[in-house]
Structures are given as C-alpha cells and as structure tokens.
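Reviewing the structure listed below.
The values are calculated or read from the model by the stated rules, or taken from the named source; none is laboratory data. On a predicted model such as this, the values are computed, not experimentally measured, just so you know. Note that each Cβ is placed from the backbone with ideal geometry, even for glycine, and that neighbours are counted across all protein chains shown. Surface areas here come from the heavy atoms of the whole protein model, side chains and all, with no ligands, DNA or RNA. Shrake-Rupley method; radii C 1.70, N 1.55, O 1.52, S 1.80 Å.
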Amino acid sequence: MKIDTTKEKFLHRYKMHPIDGGVTAPTGFLASGVCCGIKSQALDLALIFSENDCVASGLFTSNIVKAAPVLVSQKHLSGGSARAIIANSGNANACTGADGMSDAMEVVKAVARVLKIEEEQVLIASTGVIGVRLPVDKVMAGIPEAARLLSRQGEKEASMAILTTDSFAKKYAVEIDIDGVPVRIGGMAKGSGMIHPNLATMLAFITTDVNISKTALDLALQLACRDSFNMITVDGDTSTNDSVFVMASGAAGNEKIDLKNPDLGNPGAGLGPFDAFVQGLTLVARELSHMIVRDGEGATKFVEIRVKSAPSESDARKIARTVATSNLVKTAIFGADANWGRILAAAGRSGVTFDPDKVDIYLGAIKVAQGGCGFPFSDGEAREVLEKKDITITIDLNSGCAGAAAWTCDLSYDYVRINASYRS
C-alpha cells in the first residue's frame with residue numbers, strides 16, 4: 001500500500017482537515033495530567049479514558065531489554081481491547097526486575113478500581129531514568145486526582161505530563177470522511193532523545209472514534225508506523241520503553257471496517273474506507289513523529305532524507321534510515337558543511353546493493369554529486385541551504401521506480417551536554 005508523502009495530498013485526497021483536541025478530539029475520550037511528585041513540580045502523570053469499550057492495538061520496542069510497563073501492556077493488548085492509558089514521566093520503570101513488574105501491576109489495578117473497569121482494559125507506559133524503581137506510592141496518590149480531572153479539555157495537561165527532555169508538547173488531530181461519516185483521529189507523543197524506533201515509537205497514544213475490527217486496526221497501525229515513527233531518528237538509540245497505542249471506540253457510527261469484507265477493507269486499492277483510515281492514521285503518526293525530530297535533544301535543524309529511483313521501497317527505506325542515522329552526516333549538517341561523500345558512504349553501508357556510479361546527490365535543489373562523483377557546485381550556495389532550519393537531502397539511485405523518506409536532525413554540542421548529565 002502506497003502512503004501519500006505530503007500533508008497537502010493527505011488533506012485534499014482524503015477530505016481531511018486538522019482539528020483541535022489531540023487525544024480528546026474523537027468522540028467519547030477524556031484526559032488529564034497531574035503532578036504526583038515523581039518530578040518535583042512538573043506534571044508527571046497522564047490518564048486517557050474512553051467512555052466506551054474500545055478495540056485496541058499496540059506496537060513496542062524491539063529492544064530485548066523491555067521495561068515492565070511494556071511487558072504488562074503487551075499482555076493486556078493480547079485481549080484486543082482497552083479503555084484507559086496511564087503514563088508517567090520521570091521514571092522508566094525499566095531494568096527493575098520483579099519489583100518493577102509488581103509496581104506496574106499495582107498502578108494498573110488502582111486505575112481499574114477508580115475507573116470501574118477491568119484490569120486488562122488498562123494500558124501502562126513510563127518514561128524517564130532507567131534502572132531506578134518507580135516511586136509507586138506517589139503514582140498511587142496521583143491516580144484519584146487524575147481520574148477526578150478527566151475531561152475533554154484535559155488533553156493539554158496530559159500531553160505535557162509525559163514529557164522528559166522535550167521542550168514542547170506534541171499533539172495532532174484530524175477529521176476524515178469515511179463513506180460520508182466524519183471520523184476523528186487524535187494523538188499525543190513524547191520523545192526528544194534515545195530516538196531510533198523499530199516497530200514502535202518513544203511514547204505515542206492515538207485515539208479514534210472509527211468503527212473497525214481488531215484485525216484491521218492491527219494492520220492499519222503497522223502501516224502507519226512503517227511510514228512515520230519507523231522512519232525517524234535522533235541519535236540511533238532504541239529505547240527500552242518504546243510504545244505506541246491506538247484505541248478505537250466505534251462511536252463515529254461508520255459501517256464497520258473489516259478486512260474480511262472486500263468492499264470495506266481492501267489494502268492497496270486506494271479507494272476504500274480501510275485505505276482512507278490508514279492515510280488518516282499515518283498523517284497523525286507522521287505529524288507527531290516530525291515534532292519529535294524537530295524537538296531532538298540539542299537539534300537546530302530538521303532534515304528530510306529522500307531516496308528516489310530505488311529498486312524497491314524496502315531498499316529505499318534502508319538507505320534513508322542509514323543516512324539519517326549517520327553521526328558524520330548529522331554533524332556535517334550542524335556545521336553546514338556540504339560533505340556529500342559522507343552521505344554516499346552511509347548509503348553504501350546500508351546493506352542495499354546498488355551501483356554507486358549511478359548515484360546523484362542533491363542538497364536542496366543543488367546537485368553536489370553525479371554518477372557517484374563530485375559535481376561542480378558553489379560552496380557558498382550549499383552552505384546557505386544547510387544553514388536553513390528545514391533541509392532536504394535527495395539521493396537518486398537511478399536504478400528503479402521506488403522511493404522513501406526518513407527524517408532526522410543535526411547532531412550538536414548540546415546533545416552531548418544534555419546527555420552527559422541526564423541523571424544529574
């Protein structure tokens with residue numbers, strides 16, 4: 001299934017428009033954020049709640065070192081439904097052994113009691129310092145207050161309560177037309193450092209009022225993450241806590257999207273309700289993922305790596321992700337140095353077989369390499385391109401019809417400063 005690559009195409013083709021509200025934009029969702037004391041004075045506990053039963057899906061970190069909340073949420077999502085998400089910042093509850101699992105379950109049980117739902121309907125996520133036990137008493141004390149403050153307006157505080165080194169809250173929502181029925185999709189995310197997702201993202205919570213089957217929702221989330229969260233990197237580090245959840249309430253009232261019905265679920269056709277929903281979900285995920293990159297620790301520039309004329313989409317993705325992860329490329333961008341050789345070298349170690357003698361490279365609109373060799377260009381003009389806040393690097397393999405894009409940021413002195421004293 002081909003995903004449209006620009007926001008304008010999404011909005012025009014699929015009759016979408018951005019709306020306010022983040023995770024509470026869809027019908028029947030409430031949220032809140034409180035300070036429970038994990039962080040001294042900042043919001044640090046977020047709660048999202050659906051007034052209706054939801055079909056739910058999730059993707060998680062591929063790191064074999066998985067935090068306790070990841071393991072608990074994986075188990076709960078095996079049932080295919082959820083109604084609440086509880087998330088804390090300031091402590092990852094990772095590498096905390098049996099105590100960490102016990103603490104996570106204690107929090108889940110408390111949320112279930114307060115909201116009068118089943119334990120298995122509660123998903124949990126944590127972010128912060130690894131290897132320190134969760135101050136569970138503080139979290140437990142904050143849960144009743146978070147439940148009391150649940151509202152449509154609480155999404156602002158909720159989106160702030162999951163932040164760590166982030167400098168701003170990340171949220172986005174759209175309304176999309178599915179067979180004449182307005183469907184809403186909203187989300188919030190956190191992430192700034194330790195960003196190199198694989199199968200999931202840092203923390204991202206997405207809600208929707210679409211009526212959809214579990215099988216269709218699982219596939220939709222996989223497709224959306226493939227072309228959003230899985231194509232970003234800040235520093236090449238995959239977290240122990242990466243989680244992305246989506247809850248679908250069905251409150252929009254559209255005819256149920258189910259892959260068993262070829263008229264309603266036809267991946268790749270580009271016309272049916274399933275494809276329309278995937279495009280909307282991808283747009284929300286991509287907007288959130290771009291915010292994460294823009295807020296990368298110490299970042300001063302947002303960089304899109306475009307690979308075109310590749311033999312396959314898989315090859316294009318591998319090259320784009322490898323170049324986006326290269327510290328040498330990222331430091332050159334920080335210094336506005338048009339060192340195109342680093343770009344070609346990174347592509348060459350991606351594991352993709354291609355002919356280097358066919359490759360052209362562009363910085364913005366300026367061609368800097370042709371046929372795998374240097375192409376005459378003005379250093380001054382190239383520097384002007386690399387000094388901008390938004391930069392596009394294009395790698396043309398001239399070897400096929402497929403393409404892909406990855407998003408990254410530059411690597412600055414401040415990244416080292418922030419991470420050299422993270423626990424201080």
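For (1) under 21 Å from the mean Cα position of the chain (by Cα); (2) touching a residue at least 12 places away in the same chain (Cβ under 8 Å); (3) open to solvent by less than 60 Å² (accessible area, probe 1.4 Å), each residue gets a yes or a no:
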{"position": "C95", "(1), (2), (3)": "no, yes, no"}
{"position": "D103", "(1), (2), (3)": "no, yes, yes"}
{"position": "P144", "(1), (2), (3)": "no, yes, no"}
{"position": "E155", "(1), (2), (3)": "yes, yes, yes"}
Problem - Test: residue in the range 311-319 that is modelled with pLDDT of 95 or more and more than 23 Å from the chain's Cα centre (by Cα) - result: yes
Completion exercise
Counting only strands (runs of 3 or more DSSP E) entirely within the range 362-424, those with at least 3 residues that are more than 25 Å from A285 (Cα to Cα), more than 24 Å from the chain's Cα centre (by Cα) and hydrophobic (A, V, I, L, M, F, W, C) are 366-370
Exercise for the section: Looking at (1) farther than 21 Å from T208 by Cβ; (2) touching a residue at least 60 places away in the same chain (Cβ under 8 Å); (3) aliphatic (A, V, I, L, M), find the lone condition where V136 falls short. Expected result: (2)
Exercise for the section: Considering every residue within the range 118-140, establish whether at least one is among the aliphatic types (A, V, I, L, M), closer than 19 Å to L43 by Cβ and open to solvent by 70 Å² or more (accessible area, probe 1.4 Å). Expected result: no
Handout entry: Filter result for the condition that a residue is more than 30 Å from A299 (Cβ to Cβ), open to solvent by less than 40 Å² (accessible area, probe 1.4 Å) and at pLDDT 85 or above, over I206, I257
Key = I257
Exercise for the section: Return a yes/no flag: does the range 331-353 have any residue that is in contact (Cβ under 8 Å) with a residue 60 or more places away in the chain, open to solvent by less than 50 Å² (accessible area, probe 1.4 Å) and among the aliphatic types (A, V, I, L, M). Expected result: yes
Practice task
Check whether at least one residue in the range 404-424 is open to solvent by 70 Å² or more (accessible area, probe 1.4 Å), farther than 19 Å from I195 by Cβ and of a type in the set (S, T, Y), and report yes or no.
Solution key: yes
Completion exercise
Given (1) modelled with pLDDT of 95 or more; (2) more than 19 Å from F334 (Cα to Cα), R423 misses just (1)
